[in-house]
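J.: My questions will all concern the structure given below.
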Amino acid sequence: MGGLLEVKDLTVQRGGIAVLSGVGFTLDAGAALILRGANGSGKTTLLRTVAGLQPPMAGTVRVAPDAIAYAAHADGVKAVLTVAENLRFWAGVYGSVAIEDALAAFDLGGLAERPAQALSAGQKRRLGLARLIVTGRPVWVLDEPTVSLDRAAVGLFASAVQAHLAAGGAALIATHIDLGIDAAELDVTPCRAIATTAQGVFDEAFR
Amino acid sequence: MIRLLIRDLALAVRAGGGFGLGLAFFLIVIVLVPFGVGPETVLLARIAPGILWIGALLACLLSLDRIFQLDFEDGSLDLLATAPIPMEGVVAVKALAHWLTTGLPLVMAAPFLGVMLNLPGPGYAWLVLSLVLGTPALSMIGAFGAALTVGLKRGGLLLSLLVLPLYVPTLIYGTEVARRGAEGLAVATPLALLAGITLAAVALLPFAAAAALRVNLR
């Protein structure tokens, strides 16, 4: 038996064009992997493929069904619902009930009854990340989770990830900053499948 | 899935949720028709079933693009796709929420607005029955159209063009039930066909819409 998440020879596509090819890694319980790469290098496409939102062009993603909790740029936060209502909804969808841990982990306790539309960008992001805790799923697949977070919130996020890893989870995180987590790094640049422009820089149109 | 239904209903009734939009539109259309047609009670009575059905259909159409578009824009749809709910269930629940917030109020308002159009006495029960049977098909077909156009910016026009032809059979049989009922004729045939369309839509379209959503999320 391998790890929680095994990716072998994966080729991912965007709009029918291969973006990354030959990507392979294994995530064991308690391990995290940081994805590095320039803007437009295909990190999001890779993460969406791993999360099962789009089919791989080639290669395999082996993961237990219903193991992945995915979080992307958009938080899926409903503006007219309060923080607690937003979290309670996702908790209900994932069949858990307690949202207190998630509120505490991201220091949202004082904001629980506030409508999400009255939150700042960073607070909204914290709410989006708190959702990961209520999913109760072992593999976190996170796409630039620290965008718009301040230094303290990044610290909260890092400790939430560490608590998740300590509890036997795993995390695959695309980010540009140093999270202060003890984790392996994977630079996707060598896996680039296409020469996008004459200058050889990545096409910004790919997100 | 019940959570999703509750959330969608809560979103619809809160500020900016669009609840009442269809109902207000329906009200305006039906109130304006007698002014446009003139105070000819015989003529109004004859066109009443058709006008009521067309009004309900257009009111339904008005809020279709909200079914998936808002969830798509804020990322909820991606998250729902990775959640432990089958996509078919998401579609069915969202269509049901659309019906509860749009179709059901139309059904309840229709008899009162029938008075405005001098709908003949025996027609009221058949009008309500035809709308109860027919509007779920409108919501379900609409959810399918919304799933097809979810990724498009300003997809509303395309959505209307896609959905309108699919609405025609429901409109024909729905109007026919109400018209025949109002004139005291047998309604069994159009009623059975209307129910058949609705049942087929509810049974088949969640799968088609879920497939369309999966493609659009890629």
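J.: Using Cα-Cα distances under 8 Å and only pairs 6 or more residues apart, what relative contact order does chain A have, in percent?
T.: It comes to 32 percent, rounded to a whole number.
J.: Is the shape of the protein assembly as shown best called rounded, prolate or oblate, per the rule: a/c under 1.5 gives rounded, else a/b larger than b/c gives prolate, else oblate, with a ≥ b ≥ c the square roots of the Cα gyration tensor eigenvalues? Present the calculation step by step, with values, prior to reporting the outcome.
T.: Details: a/c = 2.76, a/b = 2.17, b/c = 1.27.
Since a/c reaches 1.5 and a/b is larger than b/c, the shape of the protein assembly as shown is classed as prolate.
J.: By how many nm would the segment from B:Leu204 to B:Leu5 grow when fully extended, if each residue of separation counts as 0.36 nm and the alpha-carbon distance is taken off? Present the calculation step by step, with values, prior to reporting the outcome.
T.: On the way: separation 199, 0.36 × 199 = 71.64 nm, distance 2.00 nm.
Separation in residues times 0.36 nm, less the Cα-Cα distance, equals 69.6 nm.
J.: So how tilted is helix A:83-93 from the main axis of chain A? Cα-based, degrees 0 to 90, rounded to 10.
T.: Result, in degrees: 60.
J.: I would also like to ask the following. Relative to the longest principal axis of the C-alpha atoms of chain A, give the angle of the C-alpha long axis of helix A:121-135, reported between 0 and 90° and rounded to the nearest 10°.
T.: 90
J.: Next question. For A:Arg151 and B:Phe112, what is the calculated FRET efficiency with R₀ set at 60 Å and r taken between the beta-carbons, to the nearest 0.05? Don't skip to the end; give the middle numbers.
T.: Details: r = 60 Å, r/R0 = 1.00.
The formula returns an efficiency of 0.50 here.
J.: Pairs of Cα atoms under 8 Å, at least six residues apart: use those to get the relative contact order of segment B:2-217, whole percent. Present the calculation step by step, with values, prior to reporting the outcome.
T.: Working: 278 pairs, mean separation 58.0, N = 216.
Value for segment B:2-217: 27 percent.
J.: Where does helix B:104-116 land angle-wise versus the long Cα axis of chain B, in degrees 0 to 90, nearest 10?
T.: 20
J.: List A:Lys78, B:Lys153 from most exposed to least, where exposure is judged by having the fewest other Cβ atoms within 10 Å. Please list the in-between numbers first.
T.: Values: A:Lys78 22, B:Lys153 7.
Neighbour counts put them in this order, fewest first: B:Lys153, A:Lys78.
J.: Taking only Cα atoms and a 10 Å spring cutoff, compute GNM fluctuations for chain A and point out the largest among A:Ala58, A:Ala74, A:Ala91.
T.: It is A:Ala74.
J.: Of the candidates B:Thr198, B:Thr135, B:Thr41, which one comes out as most mobile in a Gaussian network treatment of chain B with C-alpha springs shorter than 10 Å?
T.: Highest fluctuation of the listed residues: B:Thr41.
J.: If we count other beta carbons within 10 Å of each Cβ, what is the order of B:Met116, B:Met87, fewest first?
T.: Numbers: B:Met116 17, B:Met87 21.
Arranged by neighbour count, lowest to highest, B:Met116, B:Met87 become B:Met116, B:Met87.
J.: In addition: Within straight cross-link reach of A:Lys8, meaning Cα distance under 26 Å, which lysines are found once same-chain residues fewer than 8 apart are removed?
T.: Once the sequence-local lysines are set aside, what remains near A:Lys8 is A:Lys43.
J.: Run the dipole for the protein assembly as shown about the Cα centre, Lys and Arg Cβ at +1, Asp and Glu Cβ at -1, nothing else charged, and hand back the magnitude in debye, nearest 20.
T.: Values: 29 positive and 29 negative charges, 133 e Å.
Charge dipole, the protein assembly as shown, about its Cα centre: 640 debye, nearest 20.
J.: Among B:Val132, B:Val42, B:Val29, which one shows the highest mean-square fluctuation when chain B is modelled as a Gaussian network with alpha-carbon springs under 10 Å?
T.: Maximum among the listed residues: B:Val42.
J.: For peptide A:73-80, compute the average count of partner chain beta-carbon atoms within 10 Å of each residue's beta-carbon.
T.: Values: counts 2, 8, 4, 9, 4, 9, 6, 8.
What the average comes to for A:73-80 is 6.
J.: What value, in deg cm²/dmol to 500, does the helix sum -39500 (n - 2.57) over DSSP H runs of n ≥ 4 give at 222 nm once divided by the residues of the protein assembly as shown? Write out the running numbers ahead of the final one.
T.: On the way: 15 runs with 230 residues, N = 425.
Estimated from H runs of four or more residues: -18000 deg cm²/dmol.
J.: Using the Cβ atoms and a cut-off under 14 Å, what net charge is assigned to the surroundings of B:Asp8, where Lys and Arg are +1 and Asp and Glu are -1? Please list the in-between numbers first.
T.: Numbers: positive: A:Lys78, B:Arg3, B:Arg7, B:Arg14, B:Arg66, B:Lys94; negative: A:Glu85, B:Asp71, B:Asp74.
It works out to a net charge of +3.
J.: A further question on this structure: Do any chymotrypsin sites (Phe, Trp or Tyr not before Pro) in segment B:55-143 lie in a loop, going by DSSP, with at most 11 other beta-carbon atoms within 10 Å of their beta carbon, and if so which? Display every interim value, and only then the final one.
T.: Details: sites: B:Phe68, B:Phe72, B:Trp99, B:Phe112, B:Tyr124, B:Trp126; in loops: none.
When the chymotrypsin sites (Phe, Trp or Tyr not before Pro) of segment B:55-143 are filtered for loop state and at most 11 Cβ neighbours within 10 Å, nothing remains.
Coordinate-derived values only; no laboratory data. Keep in mind the model is a prediction, meaning the values are calculated, not measured. Reconstructed Cβ throughout: ideal geometry from the backbone, glycine too, with neighbour counts over all protein chains shown.
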